[in-house]
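Below is one structure, written out as structure tokens; the observations come after it.
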Amino acid sequence: ILVEMEELSDRALTDALIAARARGCAVSAVLPGYGRSAATDAAARRLVAGGVAVRLVDAPTIHAKAVVADGWLYLGSANLTTASLDANREVGLALTDDDALALVGRTIADDLARGRTF
């Protein structure tokens, strides 16, 4: 599971990522290197404690909202926060196109490789 997100703090989703890691799935998250909310930092600490690889990227600015997992790709406007998921009007696409999966997956993997450890 690859996640690249501007803000990530929803408890149910962070719990799901930690549970996936506990089942043996490779789980990695890319977050902005600066300007994160305190809630995102707290969630990142929980993810790291749960074995999830969290990397911070300073440039380019991370504004992405993308998840690659099990042959599908989410691209959209929603951060993985309670506000984005429950209160805001957001839009997103779930795709299974192999070329799109590969392109976004490579981009996230590149960011993971050059990001610094949280």
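Here are the numbers:
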{"read-out": "The stretch 12-35, residues that are of a type in the set (Lys, Arg) and free of Cβ contacts under 8 Å to residues at least 24 places away in the same chain", "value": "ARG23"}
{"read-out": "Condition met for ALA38 (without any contact (Cβ under 8 Å) to a residue 24 or more places away in the chain and out of contact with any strand residue (DSSP E or B) (no Cβ under 8 Å at 6 or more places or on another chain))", "value": "yes"}
{"read-out": "Candidate set from the stretch 44-90 (those that are in contact with a Lys or Arg (Cβ under 7 Å, 6 or more places away or on another chain) and within 19 Å of ARG21 (Cβ to Cβ)); member that is surrounded by the fewest Cβ atoms within 10 Å (Cβ to Cβ)", "value": "GLY51"}
{"read-out": "Matching option when the condition is under 15 Å from GLU6 (Cβ atoms), of a type in the set (S, T, N, Q) and at pLDDT 95 or above, among THR96, THR107, THR82", "value": "THR107"}
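The values are calculated or read from the model by the stated rules, or taken from the named source; none is laboratory data. Being a predicted model, the structure only gives us computed values, none of them experimental. With ideal geometry, Cβ positions are generated from the backbone for all residues, glycine too; neighbour counts draw on all protein chains shown.
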